Amino acid sequence: MNRYLRLFRLGNAVIGFIGVIAGAFVAEGLGIGSYWLNIAIACLVVVAVMAGGNSVNDYVDRDIDRTAHPERPVPSGEIAPRSALRVGLASLVLACMISVLMGSLLLTGIVVVACALMISYEMVLKQRGFIGNLTIGVLTGMVFLFGGAVVGNMTDVAVFAVMAFLATTGREVAKDIEDMEGDEGRNTLPMSIGERNAAFVSAAFFIAGPLLSLWPFLDGGLGALYLTVLLADAMFIYAARLVFRDPHKAQKTAKTAMFAALVAFVLGALS
């Protein structure tokens, strides 16, 4: 089982698990207890989607990973490539089937769209550069919208979903700048327009999030504790400057900023 747990990269799935709960909490506050069963099912669905996506990823990237990630189960020979693909697709189908238990066409529709985007990304869009970056951004934002949809309120979490989309897209572009030398066979944004121009694109996405961040407070949707989001904003702006000279540190800083923004939204919902 250990080799399959490594294939699924469940550490990343835990982030999705937290995202669903955070989205539900921001949308409903302490009243999420009334929706505990659907929230539990939703968390299981997100874990299955991410495990499936990671498995398909390891199948698609099996040649690149022989150099970039030789310790992973597929390039190391612990799991056959076809087995990884079959397990990945089965996990995505399972996610769609489990989503039906929530009794909502909207929730099942979100899951089906997410699975379709995941397969499209791994099989086609990842090789197409910027559209692949945008796809990962959309999938990240959908996690929080999904959490809001579980409790019947996507409106209050929409700004957070957009901020997650912007930050994730910026990170993905920064990662492509960092990985230019190892991205054989791909047509990434830095390869198409150059590192510096790609850094400007990444920085623009990092800065766009802070420009939106105060809206939930000014709109009266979140309390005073939400203003801790200013710390996250400062980190995003720093990441926007950093991406020009150190894209690795920039995308790591943005990841920390995303977590800080998540905490701010939860605090805002509490206050």
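Apart from one condition, residue 29 fits all of (1) within 20 Å of residue 265 (Cα to Cα); (2) of a type outside the set (A, V, I, L, M); (3) buried (at least 22 other Cβ atoms within 10 Å of the Cβ); the exception is (3). Out of the residues in segment 260-271 that are of a type in the set (Gly, Ala, Ser) and within 16 Å of the chain's Cα centre (by Cα), which is surrounded by the most Cβ atoms within 10 Å (Cβ to Cβ)? Restricting to residues being of a type in the set (Gly, Ala, Ser) and within 16 Å of the chain's Cα centre (by Cα), the top hit is 261.
Candidates in segment 124-161 are the residues that are among the β-branched types (Val, Ile, Thr) and over 23 Å from residue 188 (Cα atoms); of these, the one that is nearest to the chain's Cα centre (by Cα) is 143.
Given the residues 108, 168, which is the only one that is in a helix (DSSP H, G or I), farther than 23 Å from residue 34 by Cα and not aromatic (Phe, Trp, Tyr)? When all the criteria are applied, what remains is 168.
Within this structure, residue 50 passes the test of being under 20 Å from the mean Cα position of the chain (by Cα) and in a helix (DSSP H, G or I). Just one of the listed residues (166, 145) is closer than 21 Å to residue 262 by Cβ and assigned by TED's automatic domain parsing to the domain that holds residue 104, namely 145.
Taking the criterion of being farther than 24 Å from residue 15 by Cβ, touching a Pro at 6+ places or on another chain (Cβ under 8 Å) and not assigned by TED's automatic domain parsing to the domain that holds residue 63, would at least one residue in segment 198-209 satisfy it? Yes, the conditions are met somewhere in segment 198-209. With the structure loaded, tell me whether residue 103 is surrounded by fewer than 16 Cβ atoms within 10 Å (Cβ to Cβ), in the same structural domain as residue 16 (by TED's automatic domain parsing), modelled with pLDDT under 95 and under 25 Å from residue 147 (Cβ atoms) or whether it fails that test. Yes, satisfied. On the stretch given as segment 232-259, residues that are hydrophobic (A, V, I, L, M, F, W, C) and either outside any helix (DSSP H, G or I) or surrounded by fewer than 18 Cβ atoms within 10 Å (Cβ to Cβ) (or both) total 5. Say whether the condition of being over 19 Å from the mean Cα position of the chain (by Cα) and buried (at least 16 other Cβ atoms within 10 Å of the Cβ) is met by at least one residue in segment 4-16. Yes; the residues of segment 4-16 include at least one that is over 19 Å from the mean Cα position of the chain (by Cα) and buried (at least 16 other Cβ atoms within 10 Å of the Cβ). One residue is enough: does segment 199-209 have a residue meeting the conditions of a type in the set (S, T, N, Q), part of a helix (DSSP H, G or I) and under 24 Å from residue 24 (Cα atoms)? The answer is no; no qualifying residue exists. Residue 139 satisfies every condition listed in (1) assigned to a helix (DSSP H, G or I); (2) more than 20 Å from residue 55 (Cα to Cα) except (2).
Against the conditions (1) assigned by TED's automatic domain parsing to the domain that holds residue 5; (2) in contact (Cβ under 8 Å) with a residue 12 or more places away in the chain; (3) under 16 Å from the mean Cα position of the chain (by Cα), residue 84 satisfies every one except (3).
The values are calculated or read from the model by the stated rules, or taken from the named source; none is laboratory data. Please read all numbers here as calculations on a predicted model, not as lab measurements. Positions of Cβ are backbone-derived with ideal geometry, glycine not excepted, and every protein chain shown enters the neighbour counts.
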